[in-house]
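First comes the structure, then the notes that go with it.
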Amino acid sequence: MRVGKRAWITACMVGLASVLAAIMSMTIGHASTTGITKVALTAQQSAQQSALSKYLVKLKWTACPASVAAAPFQCTTAPVPLNYAKPGGTRIGLALIRLPAAMPKQRIGSLFINFGGPGGAGTTILPGRATTVFSHAIRNHFDLVSWDTRGTGLSTAVRCFATQAEDSGY
C-alpha cells in the first residue's frame, strides 16, 4: 500500500497534536494556583474529560488464538473511531496483545510498545521479542502491550479511497 502525501501530512498533524496535548498537560500541572486559574483549570479539565469519555472502552482480554500466541499472552480488539474528528461515527477494530506481568501482586502498570514500522504487526512481534528485549525485572512488574496499527495484521483494513482508480491517481 502506497502512502500518499495526504496520509503523511495527516500522520504529522496527529503527532503534533499529541505533542501539544502533552505540553499543555504539563503546563496545566504547573500553572498558577490563584482562584481564577483554579476555576479555569477545573472547567478545562472537565471539558477534556468529557471529550475523552467518547474514547473510553472496557477491554475484555482473553486467550489469544493459537495462530497468534500461546498462553500466557492475551488478546483483545479495541474499537476506535475510523475518523477521530467524528468520535461517535463508524468504528474499526485495533488488535491488541498483552503479556501480563509475571508477578501480578507486584505489578506497577502497563508498557505500550510500538516496535516501529511502517506496518509492523505488534501481535506478531511481541510474542517473539518479549523475552529477548525486556528483562525479567520489566516482565515481572509490567504488562507488556502491543497492537497492530490501523490496516495492519489483525486490525481492521483501512481503505483510503472509494475506488482503486482514485488510489492510483493520487
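The values are calculated or read from the model by the stated rules, or taken from the named source; none is laboratory data. Because the structure is a prediction, the values reported are computed rather than measured. Note that each Cβ is placed from the backbone with ideal geometry, even for glycine, and that neighbours are counted across all protein chains shown. Please note that ligands, DNA and RNA were not included when accessible areas were found on the heavy atoms of the full protein model with its side chains. Shrake-Rupley method; radii C 1.70, N 1.55, O 1.52, S 1.80 Å.
The packing ranking of peptides 97-103, 112-118, 153-159, highest mean first, is 97-103, 153-159, 112-118, where packing means the average number of other beta carbon atoms within 10 angstrom of each residue.
Taking every protein chain into account, the accessible area of the stretch 106-170 amounts to 60 square angstrom per residue (probe 1.4 Å). Given Cα positions, please report Rg to Rh for the stretch 45-170, the hydrodynamic radius being the Kirkwood one. When Rh is taken as the Kirkwood radius, the ratio is 1.04. Taking K and R as +1 and D and E as -1, what net charge do the other residues with C-beta under 15 Å from the C-beta of residue 58 add up to? It works out to a net charge of +4. Decide, for the stretch 87-141, between rounded, prolate and oblate: order the square roots of the alpha carbon gyration tensor eigenvalues as a ≥ b ≥ c, take rounded if a/c falls under 1.5, and otherwise choose prolate if a/b is larger than b/c, else oblate. Oblate, since a/c reaches 1.5 and b/c is not below a/b. Most simply put, the stretch 71-170 has about 75% antiparallel DSSP beta bridges, counting only bridges with both residues inside it. Using heavy atoms of the protein chains and a probe of 1.4 Å, the accessible area assigned to residue 54 is about 120 Å². Among the protein heavy atoms, those of residue 152 account for about 20 Å² of accessible surface (1.4 Å probe, every chain in place). Only protein atoms count toward the accessible area here, which uses a 1.4 Å probe; on the stretch 69-170, the carbon and sulfur part of that area reaches 59 percent.
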